[in-house]
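Okay, so here's the structure we're looking at.
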Amino acid sequence: MTVRAAVVIAAGGHGHRMGGVRKQYVELAGEPVLARAIRPFLEVEGVEWVVVALPRDDAADPPSWLTALDPRVRTVAGGAERSDSVRAALEAVPGEADIVLVHDAARPLIEPAVIRAALEAAATGVGAVVAVPVSDTIKVVDGEGTIVDTPDRARLWKAQTPQAFPRSLLADAHARAADEGIGATDDAALVERCGGTVVVVPGDPSNLKITTPADLVLAEALLGERRQR
C-alpha cells in the first residue's frame, strides 16, 4: 500500500531568543532556515502536502521564496502557541492523507533518511518520535533545588522532530486537547494522553534546533562538514 503523507511545519515563532529576529527567516549558508527545514521532506517519496503555519501577520503575504519553493507547499496562519499553529495546519491537511509528520521550522538539518524511518514507523499505526539517547546524567530536583532522583539515562531519549502519526490519531489528540484547554510543545505528549502508542525512531544529534545565535553558528559548521563528506 502506498502511504500518502502530509507535513505540518510549525513556523509561527517570533524570535524572542534571537533578538527579535524570526529565526525561521534567518539565512543559513545563503538560504532561509525555513526553506532548509522543508527541502528534505520534498525528497521523500509519499510526501504530497506541506502545510506551513506562519505568524499571522506573515500568512496574508507569505515570502515569495516560500510560495515558489514547491507546488506542494501551502501556508496558513498560525496561533499564539505552538499547539495552536500545529492545529491550524492540521486542519488544512487533506482527508486523503494517511500520515502527518510534524516538524519544527527551526530544525534545518534533518536528513531524508530519518524522515523515511519516522514515516515507515507511523505507517504501522503508531506514533513515531525522532529522538537521540541522552548522554548526560540527568537530575530531578524539587522546588528548592534539592536533587530528589537520578534517573537511569539508558532509558532517556531527547525528543526531536519530525514526529509522525496516523492522521486520525493526531487529529483526535489535538481535538481533545483543544476541548480541554490543554496546550503542548510536544505533539507526542498529546497522543500519549489519549492512550496512543508512540515509539522512538533513532535520530541524528546534528538535527539541532536553532534557538539562539550560537545555534546558527553551530549549524553553519555542521553544514560545512556535510559538504566535505
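Ranked by the mean number of other Cβ atoms within 10 Å per residue, highest first, peptides 50-63, 140-153 order as 50-63, 140-153. Per residue of the chain, the DSSP helices (runs of n ≥ 4 H) give a summed -39500 (n - 2.57) that works out to -9500 deg cm²/dmol at 222 nm.
Cα convex hull, the chain: 152 Å³ per residue, rounded to a whole number. Taking a virtual spin label 7 Å from the Cα of Lys139 along the C-beta vector, which residues in segment 150-175 bring their backbone nitrogen under 11 Å of it? Label zone hits: 150. Shape analysis of segment 117-190 places it in the oblate category; the axes a ≥ b ≥ c from the Cα gyration tensor give an a/c of at least 1.5, with a/b not above b/c.
Ranking of Arg167, Arg227 by neighbouring Cβ atoms within 10 Å, starting from the fewest: Arg227, Arg167.
Between Arg155 and Ala175, the modelled labels are 3.4 nm apart [label points 7 Å from Cα along Cα→Cβ]. Residue separation of Val126 and Arg39 scaled by 0.36 nm, minus their Cα-Cα distance, works out to 28.8 nm of gained length. Modelled label positions at Leu218 and Val199, each set 7 Å beyond Cα in the direction of Cβ, lie 2.9 nm from each other. Here the label points at Glu91 and Gln228, each 7 Å from Cα along the C-beta direction, are separated by 4.8 nm in the simple model. Each peptide among 178-188, 103-113 gets the average number of other Cβ atoms lying within 10 Å of its residues, and from highest to lowest they stand as 103-113, 178-188.
Charging the Cβ of each Asp and Glu at -1 and of each Lys and Arg at +1, and nothing else, the dipole of segment 48-138 about its Cα centre rounds to 40 debye.
Summarising the overall dimensions of segment 37-92 from its C-alpha atoms, the Rg and Dmax are 11.4, 32 angstrom.
All of the numbers you see were taken from the coordinates with simple rules; none came from a lab. This is a predicted model, so every value here is computed, not measured. Cβ coordinates were reconstructed from backbone atoms using ideal geometry, including for glycine residues, and neighbour counts include every protein chain displayed.
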